[in-house]
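Novice: Can you read through this structure? Questions will come right after.
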Amino acid sequence: MLPDRSSLPRRSALLLGLALCVGLAGCQVRPLYSQADGTAPKLASVGFSEPKNRVEQVVRNELVFLAAGGAGEPLNPAYNLTLHVSSTASNVLDDDGLAEARVPVAGRVQVTGSYTLTRSADGQVLKRSEHSSVALIDVSRQSFAKLRAIRDGENRAARELAEFIRADVAIVLSKEPPLQQPAWQK
């Protein structure tokens with residue numbers, strides 16, 4: 001005897017719904033900086049290399065603030081981030097007519113940073129990457145105004161670059177095992 005045809009679509013829908021529920025049960029959505037997986041303490045345990053230029057110093061300072069929430073760098077970092085930052089400034093338009101008219105010209109500042117994140121305990125490289133950020137500026141014909149516009153553009157692009165790097169590092173550290181607490185903190 002064949003099953004009743006009216007119950008077949010109902011059973012199919014029930015089985016499809018059950019399969020969907022089982023499939024969705026395996027999905028995990030959680031905040032990147034959640035306290036449950038300990039990403040925030042791992043971020044706070046990152047040490048940063050010494051800067052070699054002014055723009056690298058801006059990126060480093062912003063990273064130190066973002067990683068530890070203003071608490072500064074750890075004395076004994078569990079992770080080390082080696083940072084190299086460079087900056088270039090250029091005009092967007094090469095129009096000699098604008099230069100003669102003494103009109104500010106559109107320009108751009110590009111800050112590029114490459115970094116390597118390593119685990120201090122064994123020196124294993126966890127992440128190596130490069131990012132860049134662009135800030136648009138008005139390039140004046142006055143020397144001081146031009147230098148100030150470039151510096152302000154570098155600062156804006158450096159802060160944005162630090163955000164990119166922090167997000168990358170947080171993703172990598174969220175996959176790392178929890179940090180061991182010192183015996184005196186247990």
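Novice: Checking SER129 against (1) of a type outside the set (Lys, Arg); (2) open to solvent by 80 Å² or more (accessible area, probe 1.4 Å); (3) in contact with a strand residue (DSSP E or B) (Cβ under 9 Å, 6 or more places away or on another chain): exactly one of these is not met. Which one?
Specialist: Going through the list (1) of a type outside the set (Lys, Arg); (2) open to solvent by 80 Å² or more (accessible area, probe 1.4 Å); (3) in contact with a strand residue (DSSP E or B) (Cβ under 9 Å, 6 or more places away or on another chain), SER129 breaks only (2).
Novice: If you scan the range 44-91, which residues turn out to be free of Cβ contacts under 8 Å to residues at least 60 places away in the same chain, among the small types (Gly, Ala, Ser) and assigned to a strand (DSSP E or B)?
Specialist: Listed by number, the residues that qualify are SER86, SER90.
Novice: Still on this model: Go through (1) at pLDDT below 95; (2) closer than 24 Å to THR82 by Cα and name the single condition ILE150 misses.
Specialist: Among (1) at pLDDT below 95; (2) closer than 24 Å to THR82 by Cα, ILE150 violates only (2).
Novice: Of everything in the range 76-100, what is more than 22 Å from LYS127 (Cα to Cα), of a type in the set (A, V, I, L, M) and either open to solvent by less than 60 Å² (accessible area, probe 1.4 Å) or modelled with pLDDT of 80 or more (or both)? Give them in sequence order.
Specialist: ALA89, LEU98, ALA99
Novice: Sticking with this one: Do any residues in the range 150-167 that are touching a residue at least 60 places away in the same chain (Cβ under 8 Å) and of a type in the set (Asp, Glu) have Cβ atoms under 6 Å from those of residues that are open to solvent by 10 Å² or more (accessible area, probe 1.4 Å) and not in a helix (DSSP H, G or I), where the two are at least six apart or on different chains, and which pairs are they?
Specialist: Listed pairs, sorted by first residue: GLU154/SER87.
Novice: I would also like to ask the following. What's the number of the condition VAL29 fails, among (1) at pLDDT 90 or above; (2) of a type outside the set (S, T, N, Q); (3) open to solvent by 60 Å² or more (accessible area, probe 1.4 Å)?
Specialist: Of the numbered conditions (1) at pLDDT 90 or above; (2) of a type outside the set (S, T, N, Q); (3) open to solvent by 60 Å² or more (accessible area, probe 1.4 Å), the odd one out for VAL29 is (1).
Novice: Taking only the range 4-22 into account, find how many residues are outside any helix (DSSP H, G or I) and modelled with pLDDT of 75 or more.
Specialist: Result for the range 4-22: 0.
The values are calculated or read from the model by the stated rules, or taken from the named source; none is laboratory data. Since the model is a prediction, treat every value here as computed from it, not as a measurement. Virtual Cβ from ideal backbone geometry, glycine too; neighbours counted across all protein chains shown. Protein only, heavy atoms only, side chains kept; ligands, DNA and RNA dropped before computing areas. Shrake-Rupley method; radii C 1.70, N 1.55, O 1.52, S 1.80 Å.
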